[in-house]
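Just so you know, all these numbers are worked out from the coordinates, no wet-lab data involved. Because the structure is predicted, anything quoted here is derived from the model rather than measured. In this analysis, Cβ positions are derived from the backbone assuming ideal geometry, glycine residues included, and neighbour counts consider all displayed protein chains.
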Amino acid sequence: MAAGADAPPFELFHAIADEGSARVRRYVTEHELLPVLRLRNVTYPEVLADLLARGGKDAPALWDGARLFLGADAIIARLSAHRDVGRAD
């Protein structure tokens, strides 16, 4: 997918059978974040190559365009911060 104005700001590198990946996918679904996220299954060689190029090696991982977040807890924290932007205190 070419980068552009319509590209989601996040890429979630996941594996279907991975528990951490499933936890993140549940969070994404429950918080209606699919419009801001591109799901990338690491079972495909080209997706795994993209993950490796960003400095990762295992799923789940989240690329926000500048930084790679590794592990379910770090990913959920980053996505939660994204959701909180613009909310009143």
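Would you mind estimating how fast the chain diffuses translationally, via Stokes-Einstein at 4 °C and 1.567 mPa s with the Kirkwood radius over Cα pairs, in µm²/s? Can you show the working numbers first?
Numbers: Rh = 13.2 Å.
Here the translational diffusion coefficient equals 98 µm²/s.
Can you put 67, 40, 83 in order, fewest other beta carbons within 10 Å first? Before the final figure, lay out the partial values.
Numbers: 67 10, 40 19, 83 13.
Taking fewest neighbouring Cβ atoms as first place, the list is 67, 83, 40.
Label-point separation (nm) for residue 30 and residue 77, each offset 7 Å from Cα along Cα-to-Cβ?
1.8
Set the Förster radius R0 to 22 Å, insert the Cβ-Cβ distance between residue 23 and residue 49 as r into 1/(1 + (r/R0)^6), and round the FRET efficiency to 0.05.
0.35
Could you check the spin-label model distance between residue 68 and residue 16? Points 7 Å from the Cα along Cα→Cβ, value in nm.
In this crude label model, residue 68 to residue 16 measures out at 2.4 nm.
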